[in-house]
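Below is one structure, written out as structure tokens, with a few remarks after it.
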Amino acid sequence: MINTYPYKKNEDIQLTEEFRNAALFGKIKVGTRHLFWKKMLGWNYLELSEVERIYRRIEEVNGKTSCCSTDFSMHSLILTGLDGRTLTISIGDSLFRREPERLMEELKKRFPEIAYGIE
């Protein structure tokens, strides 16, 4: 299973430095060894050496308000661990502009040993 942990500032000096220097993509930060993501009021992280495959899931959402209907896409990052178990991290909706695409490009550049895809 992919082990995830809550990030606590200044608990580990190296991890805090990596978090500070990590590239930000909406709700997700990509560090040199870890992936950080916003969850509720804090941040969680995992070590990317435990991940075998990463892909993005895009789900179309149709909404209606009192005046009109709205269509948008929800993006999720699906990570598969070395043991085959998966973890889903919400990236956000299509209002995040190109953040999901930029995130995948950055992950591929920094971690080429991981398999990537889109569902």
Quiz item: Which one is surrounded by the fewest Cβ atoms within 10 Å (Cβ to Cβ) among residues in the stretch 37-48 that are free of Cβ contacts under 8 Å to residues at least 60 places away in the same chain and within 19 Å of Thr80 (Cβ to Cβ)?
Solution: Glu47
Practice problem: State the number of residues belonging to the stretch 55-73 that are outside any strand (DSSP E or B) and modelled with pLDDT of 85 or more. | Solution: 0
Exercise. Go through the residues of the stretch 74-93 one by one and say whether even a single one is loosely packed, with under 14 Cβ neighbours inside 10 Å and modelled with pLDDT under 85.
Key: no
Quiz item: If you go through the stretch 21-31, how many residues are part of a loop (DSSP other than H, G, I, E, B) and modelled with pLDDT of 95 or more?
Solution: 2
Exercise. Would you mind finding the one in Arg56, Arg20, Arg110, Arg33 that is without any contact (Cβ under 8 Å) to a residue 12 or more places away in the chain and not small (Gly, Ala, Ser)?
Key: Arg20
Practice problem: Out of Glu18, Glu52, report the one residue that is in a strand (DSSP E or B), surrounded by 12 or more Cβ atoms within 10 Å (Cβ to Cβ) and of a type in the set (Asp, Glu). | Solution: Glu52
Quiz item: Taking the condition farther than 24 Å from Tyr5 by Cβ and either part of a strand (DSSP E or B) or within 14 Å of the chain's Cα centre (by Cα) (or both), does Glu101 pass?
Solution: yes
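The values are calculated or read from the model by the stated rules, or taken from the named source; none is laboratory data. Since the model is a prediction, treat every value here as computed from it, not as a measurement. We place every Cβ from the backbone using ideal geometry, glycine too, and count neighbours over all the protein chains shown.
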